[in-house]
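Reviewing the structure listed below.
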Amino acid sequence: MSALLLDGKALAAKTEQELSARISELKSDGKGQTPILATILVGDDPASATYVRMKGNACERIGMESVKVEMPTETTTEQLLAKIDELNNNPNVHGILLQHPVPEQIDERACFDAIALQKDVDGVTCLGFGRMSMGEKAYGCATPKGIMRILEAYDIELAGKHAVVVGRSPILGKPMAMMLLGANATVTICHSRTKNLADHIRQADIVVGAVGRPEFIKADWIKDGAVVIDAGYHPGGVGDIELAPLVERVAAYTPVPGGVGPMTINTLIYQTVDSGEKAIAGK
Ligand SMILES: Nc1nc(=O)c2c([nH]1)NC[C@@H]1CN(c3ccc(C(=O)N[C@@H](CCC(=O)O)C(=O)O)cc3)C=[N+]21
């Protein structure tokens, strides 16, 4: 039996139609005002520039405005904090995305945490993470929240299932683990210091690859019938998981590309529309 393909690209496209309609409605009864996403790109890493452009394009497709802030590689923490402060205080901006990674001299955590909670549509602040972990309202971190949305759309059962998250980064593995816990999964978090990684992964009903190394997780570590989520994105269209041998024997999987990536961007714009509706229409 062949596995269910968790089609993030199709789900994102379908959701964009709903978001377009919500934007039109806001435009008609919000005095023409539309939500605005501010994206901040520091430095000239070409891959980061591409991702930020894709985020701006997604805004455009749904009729939402975005403002692109570009800052030079030698930007200081103070300069970036001042820019974030300016965007926090701009009532026309409803969401702020600070593209990760920033150049090494910048205190990225301080800058993430400077983003106002109500504009943290990418879900990167400690406050947002803490609230989400405690089951309080907060925008979810875009990639793990995108994964939760795809699991939900395909009715993948999580309660009581053993989820193994491989990776513990601040904007992927760690919030992913808390979201799965919030959905009543039993969660194991593995990382670079984990011993017997393969043995942990063999226990998983749901595996999330979030290590950032191409095909690091081998197909034969994954049991038959598992749900496989690959949050990796590497040149050549490969993820963190060796997917090809799995498609015949797992229950479901996200393809690379076309799985988690499009849902990450979709979640960012979805949460920006939510934030815009709150600010403009008082919803
Ligand atoms: N503050 C912050 N938030 C992020 O969410 C964030 C970030 N920084 N830094 C970098 C990572 C990476 N990321 C991706 C988004 C979309 C695709 C995506 O749509 N990929 C396409 C393929 C794109 C291609 O063709 O290269 C796909 O998987 O189908 C990939 C990666 C967001 N990130």
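Nothing in this text is a laboratory measurement; each read-out follows from the coordinates by a stated rule. Worth saying up front: this structure is predicted, and the values here are computed from it rather than measured. Counting neighbours? That spans all protein chains shown, and the Cβs are built from the backbone with ideal geometry, glycine included.
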Apply 1/(1 + (r/R0)^6) to the Cβ-Cβ distance of Glu157 and Thr50, taking R0 = 25 Å, and write down the FRET efficiency to the nearest 0.05.
0.10
Nearest-0.05 FRET efficiency for Asn90 and His191, computed from C-beta distance (R0 41 Å):
0.60
Scalar couplings 3J(HN,Hα) for region 273-283 by Karplus 6.51 cos²θ - 1.76 cosθ + 1.60 (θ = phi - 60°), nearest whole Hz, x for Gly and Pro, are 4, 4, 5, x, 4, 4, 6, 8, 9, x, 6
On a full-extension model of 0.36 nm per residue, what is the gain between Ala10 and Ser28, subtracting their alpha-carbon distance, rounded to one decimal in nm?
3.7 nm
So, R0 is 45 Å and r is the distance between the beta-carbons of Lys283 and Ala244; what FRET efficiency does that work out to, to 0.05?
0.50
What is the helix-to-structure angle for 46-61, meaning the angle in degrees between its Cα long axis and the longest Cα principal axis of the chain, kept from 0 to 90 and rounded to the nearest 10?
70 degrees
With the dipole of region 31-119 defined by +1 on each Lys or Arg Cβ and -1 on each Asp or Glu Cβ, the option from Ile106, Thr76, Leu41 whose Cα lies farthest towards the positive pole is Leu41
With +1 on each Lys and Arg Cβ and -1 on each Asp and Glu Cβ, how big is the dipole of the chain about its Cα centre, in debye rounded to the nearest 20?
460 debye
Compute the Rg/Rh shape ratio of the chain: radius of gyration over Kirkwood radius, all on alpha-carbon atoms.
0.97
Tabulate in residue order the Karplus-calculated ³J(HN,Hα) for region 214-226, using 6.51 cos²θ - 1.76 cosθ + 1.60 with θ = phi - 60°, rounded to whole Hz; enter x for Gly and Pro.
x, 6, 5, 8, 7, 4, 6, 8, 10, 6, 4, x, 6
Global form of region 1-92, assessed from the alpha-carbon gyration tensor, a/c cut-off 1.5
oblate
I need the shape label for region 207-273. Rule: rounded when a/c is under 1.5, else prolate if a/b > b/c, else oblate, with a, b, c from the alpha carbon gyration tensor.
prolate
Cα axis of helix 142-153 to longest principal axis of the chain: angle in degrees, 0 to 90, nearest 10?
60 degrees
Which residues' amide hydrogens lie under 5 Å from the amide hydrogen of Ala226, considering only partners 5 or more residues apart or on another chain, with H built in the peptide plane?
Ala251
Does region 142-261 come out rounded, prolate or oblate by the C-alpha gyration tensor, with a ≥ b ≥ c the root eigenvalues, rounded set by a/c under 1.5 and, if not, prolate when a/b is larger than b/c and oblate if not?
rounded
